[in-house]
């Protein structure tokens with residue numbers, strides 16, 4: 001990633017970038033990375049849905065407090081913006097001992113995808129403007145492949161009061177994997193994912209977006225996150241098949 005990415009933003013997105021600017025002023029950007037909705041916007045090159053919180057992953061050195069959590073304090077906010085942080089230790093995903101990883105596939109994908117997101121995050125200058133309000137920050141944002149991996153494991157976990165968020169996860173996956181400039185890059189990234197995480201992602205794409213296309217389209221539509229741009233089952237199926245084909249056969 002290079003150059004400055006400018007987003008013609010809403011007040012909410014401008015506030016997110018301003019909160020991120022404050023965070024980056026207090027913590028070395030090598031210590032954390034942005035994941036979640038704002039990172040998806042960066043990878044897509046613009047705002048695609050509403051998001052109102054800032055999601056991050058950060059290095060955690062032993063039992064030391066996670067630096068992001070120290071900055072946001074007990075309220076978990078910066079200037080009124082909710083900031084979530086997942087500590088991912090200080091060992092790269094590829095170097096994590098297999099014996100130390102969870103046996104449950106979703107739990108294993110959670111551990112690997114979040115640490116891998118920090119390992120592969122890239123610097124980007126991001127600027128957001130809305131009317132007279134503006135904010136600019138240089139920060140590290142998760143790779144598109146890591147975003148797909150994280151969201152593939154998070155969507156099935158959304159239960160109870162958080163079940164509506166599954167639609168946002170699934171819509172983000174579709175937007176990323178169907179983007180003409182990202183599909184091959186995501187397939188390539190997943191082929192290089194540690195400890196067979198890429199194989200798990202490919203299988204999950206088949207299950208959720210190919211075999212389960214009708215069900216997934218209904219979840220996205222019901223959540224309302226895509227507005228009038230909710231993808232059809234056919235669109236989900238086609239995008240997922242292309243991604244999986246390029247993952248399995250890069251020469252196709």
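Considering only residues that are over 15 Å from residue 201 (Cα atoms) and in contact with a strand residue (DSSP E or B) (Cβ under 9 Å, 6 or more places away or on another chain), look in the stretch 136-167 and name the one that is modelled with the lowest pLDDT.
The residue in question is 136.
Do you know which residues across the stretch 1-57 are under 16 Å from residue 69 (Cβ atoms) and more than 19 Å from the chain's Cα centre (by Cα)?
Residues satisfying the conditions are 22, 26, 27, 28.
Out of (1) in contact with a helix residue (DSSP H, G or I) (Cβ under 7 Å, 6 or more places away or on another chain); (2) at pLDDT below 95, what's the single condition that is false for residue 34?
The failed condition is (2).
For the stretch 24-51, which residues satisfy the criterion of being touching a residue at least 60 places away in the same chain (Cβ under 8 Å) and touching a strand residue (DSSP E or B) at 6+ places or on another chain (Cβ under 6 Å)?
24, 29, 32, 33, 34, 35, 39, 42
Quick check on my filter: what residues within the stretch 156-173 are in a helix (DSSP H, G or I) and surrounded by fewer than 22 Cβ atoms within 10 Å (Cβ to Cβ)? Spell out how you get there, then give the answer.
The first filter runs over the stretch 156-173 and keeps only residues in a helix (DSSP H, G or I), leaving 156-157, 160-162, 165-173.
Within the stretch 156-173, 156, 157, 160, 161, 162, 165 meet the criteria.
Please give the strands (runs of 3 or more DSSP E) falling wholly within the stretch 47-136 in which 1 or more residues are buried (at least 19 other Cβ atoms within 10 Å of the Cβ), outside the structural domain of residue 225 (by TED's automatic domain parsing) and out of contact with any helix residue (DSSP H, G or I) (no Cβ under 7 Å at 6 or more places or on another chain). Even if it seems obvious, please write down each step before you answer.
Details: elements: 53-58, 81-87, 122-130.
Output list reads 81-87.
The values are calculated or read from the model by the stated rules, or taken from the named source; none is laboratory data. None of the values given here were measured: they were computed from a predicted structure. For neighbour counting, all protein chains shown are included, and Cβ atoms are generated from backbone atoms with ideal geometry for every residue, glycine included.
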